[in-house]
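A short worksheet on the structure shown next.
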Amino acid sequence: YDPFDYLGFYATIGKKDNIPTLKQKYSDKWGVYVPNLDLQTESSLNIEIGGNYKIIEDLNLDLAFYYNRYLNALANRSVSSGCINGSDCKQFYNVKGFNAHAFGGEVGLKYAFSDKFMLHTNYSYIYKHKKADENGTRFTNLPSHLWNIQMMVKPIKEIDIIAGTRLSSKIYQGINEGYSPSVFLADLKLVTRPIQNMELGIGVDNLLDR
């Protein structure tokens, strides 16, 4: 819905199925994980509302909020034994029933300084919890805060140089493991269009190896 040229709103609702991967079901992940052949498909009901606002010419603000409710959510748990390492093992499992949910939001700014230089930054927050069990209420390996900055330079029409940085908050690893530190990553990508309707790209993730 666009009441004005500079202002728009949207709302979506949908259902998504997440089938467990072969890695989640069968892999021991270097002896740390216990395979779980009984994993079921995770289903979720996803609701999102948002809007966009043109502050000035070439400067746009995007805002979104979402809520997800999960059936048989896929999660990690700690198990005392059963892996190749012998102890301090982990395993993927299903949180039975509608006993997990997530909500959060995202705000972003996009600005085109010119047709050759563009900047995009956004911040995301996610809160994902499940019904309390022996593994607590937190989902593992999921940061609560994410901040991205991306810069695109077009020296010529056929080439894009994209540099980006990502900062994530500390990540919950489990009741016994606690939190891992926050992570900062820098990426670089080169995109070229040698002919019409053809695009080639090459990039390096975690350029600083940190």
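The values are calculated or read from the model by the stated rules, or taken from the named source; none is laboratory data. Worth saying up front: this structure is predicted, and the values here are computed from it rather than measured. Every residue, glycine among them, receives a Cβ derived from its backbone with ideal geometry; neighbour counts consider all protein chains shown. In case anyone asks, the SASA skips ligands and DNA or RNA and just uses the protein heavy atoms, side chains included. Shrake-Rupley method; radii C 1.70, N 1.55, O 1.52, S 1.80 Å.
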How about the stretch 46-82: which of its residues are over 22 Å from the mean Cα position of the chain (by Cα) and either aliphatic (A, V, I, L, M) or at pLDDT below 85 (or both)? Ile55, Ile56, Leu59, Ser78, Val79, Ser80, Ser81, Gly82
Wholly within the stretch 113-208, strands (runs of 3 or more DSSP E) carrying at least 2 residues that are small (Gly, Ala, Ser), free of Cβ contacts under 8 Å to residues at least 12 places away in the same chain and within 30 Å of Asn68 (Cβ to Cβ): 178-180
When residues of the stretch 8-28 are limited to those that are part of a loop (DSSP other than H, G, I, E, B) and without any contact (Cβ under 8 Å) to a residue 12 or more places away in the chain, the one nearest to Lys128 (Cα to Cα): Thr21
For Ser114, which of the numbered conditions (1) of a type in the set (Ser, Thr, Tyr); (2) at pLDDT below 90; (3) closer than 15 Å to Met151 by Cα fails to hold? (2)
Subset of the stretch 1-48 [surrounded by 14 or more Cβ atoms within 10 Å (Cβ to Cβ), within 15 Å of Ala75 (Cα to Cα) and among the aliphatic types (A, V, I, L, M)]: Val34, Leu39
Can you name every residue in the stretch 184-205 that is over 19 Å from Val153 (Cα atoms) and open to solvent by less than 50 Å² (accessible area, probe 1.4 Å)? Leu185
Every residue from the stretch 147-182 that is among the small types (Gly, Ala, Ser) and open to solvent by 40 Å² or more (accessible area, probe 1.4 Å): Ser182
